[in-house]
Amino acid sequence: MKAQRPGADHRRTEATRSEAACADSDQGSETAANEHWAAGARQLEQPMGFTFQVFPTSQEQPALARLEQRATELLRMALVQFPLERMVALPPELLERARQSVAHSAERAQIRFEPSASLGEAAAVFRVVPGGGRGEIARVPTSGWTWYEPEVSRLRERGLDERWPHSLALGYRFEVSRLFGEPALSALAHGFVAAALAEQTSGFLFSPDGAWDGALLPCSGEEFLQSFMRPERSSAERFRRYAEDKL
């Protein structure tokens, strides 16, 4: 039996307890039981999260200003390269005008870390404009992390098995997370923050909860950028549809 892997801190609800409270209403008032049920229902509505785990191999601590700049650059590049001709049917003259409009909009896109953010004990929160999406980077212990098949095979195929001991020796990894249901621009920014962080720390990244196509992970930041949110590079129909939807 596989041990539970430390990973995304998904919210756990009190739904089971709430249902028990409703079923056991003879021990309390019906009103109290209904209040328990309503509390559980509200918690069930809380969004789940997606995470990228970034495993650094360099002792150099990431500079948030550089990270913000690089992630913003990657986001804008992705928007400028938006495959309009695949998404909508337009005559050539309108397609060119649409490309110009997208390029103009891309100039306003930005990823910003909160002024007080740092990669210490507290998580560093970043926001995406326009749209108001947000995410965060937390530094968490690597102890207890376990790679499973076929992840081990992919590590070997990509030469990452030689880098893993260096990352493990550091004793920590970075967890880049966002909430489910955030704006599409936030989903794009989430991956580009993770990629920029992997680049800056000479690390590699992985997602245990499906933030992107698991068949393509783990991989370096450079390899990740070749496939992230690119429908034609995805290995699974689910992620092809996901990328097209976000685009």
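The values are calculated or read from the model by the stated rules, or taken from the named source; none is laboratory data. Computed from a prediction, not measured in an experiment: that's the story for all the values here. Note that we place each Cβ from the backbone using ideal geometry, even for glycine, and neighbour counts take in every protein chain shown.
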Selection status of SER105, of a type in the set (Gly, Ala, Ser), more than 21 Å from GLN59 (Cβ to Cβ) and over 16 Å from the mean Cα position of the chain (by Cα): yes
All positions within region 214-225 that are surrounded by fewer than 21 Cβ atoms within 10 Å (Cβ to Cβ), in contact with a helix residue (DSSP H, G or I) (Cβ under 7 Å, 6 or more places away or on another chain) and either at pLDDT below 95 or among the hydrophobic types (A, V, I, L, M, F, W, C) (or both): LEU225
Residue count, region 168-196 (criterion: in contact with a helix residue (DSSP H, G or I) (Cβ under 9 Å, 6 or more places away or on another chain) and not β-branched (Val, Ile, Thr)): 16
Hey, MET48 within 25 Å of LEU247 (Cβ to Cβ) and either at pLDDT below 90 or of a type in the set (Ser, Thr, Tyr) (or both) or not: yes
Residue count for region 136-158, restricted to those that are among the acidic types (Asp, Glu) and either exposed (fewer than 15 other Cβ atoms within 10 Å of the Cβ) or in contact with a His (Cβ under 6 Å, 6 or more places away or on another chain) (or both): 2
GLU199 out of contact with any helix residue (DSSP H, G or I) (no Cβ under 9 Å at 6 or more places or on another chain), surrounded by 21 or more Cβ atoms within 10 Å (Cβ to Cβ) and touching a residue at least 24 places away in the same chain (Cβ under 8 Å): no
Exclusive hit being touching a strand residue (DSSP E or B) at 6+ places or on another chain (Cβ under 6 Å) and among the acidic types (Asp, Glu), set GLU85, GLU68, GLU73, GLU93: GLU68
Filter result for GLY144 (in contact with a Pro (Cβ under 9 Å, 6 or more places away or on another chain), small (Gly, Ala, Ser) and not in a helix (DSSP H, G or I)): yes
Residue ID - surrounded by the fewest Cβ atoms within 10 Å (Cβ to Cβ), chosen from residues in region 125-135 that are touching a helix residue (DSSP H, G or I) at 6+ places or on another chain (Cβ under 6 Å) and not in a loop (DSSP other than H, G, I, E, B): GLY133
Test: ALA215 is in a helix (DSSP H, G or I), of a type in the set (A, V, I, L, M) and in contact with a strand residue (DSSP E or B) (Cβ under 7 Å, 6 or more places away or on another chain): no
Breaking point among (1) over 19 Å from ILE111 (Cβ atoms); (2) of a type in the set (D, E, K, R); (3) within 18 Å of the chain's Cα centre (by Cα); (4) modelled with pLDDT of 95 or more, for GLU175: (1)
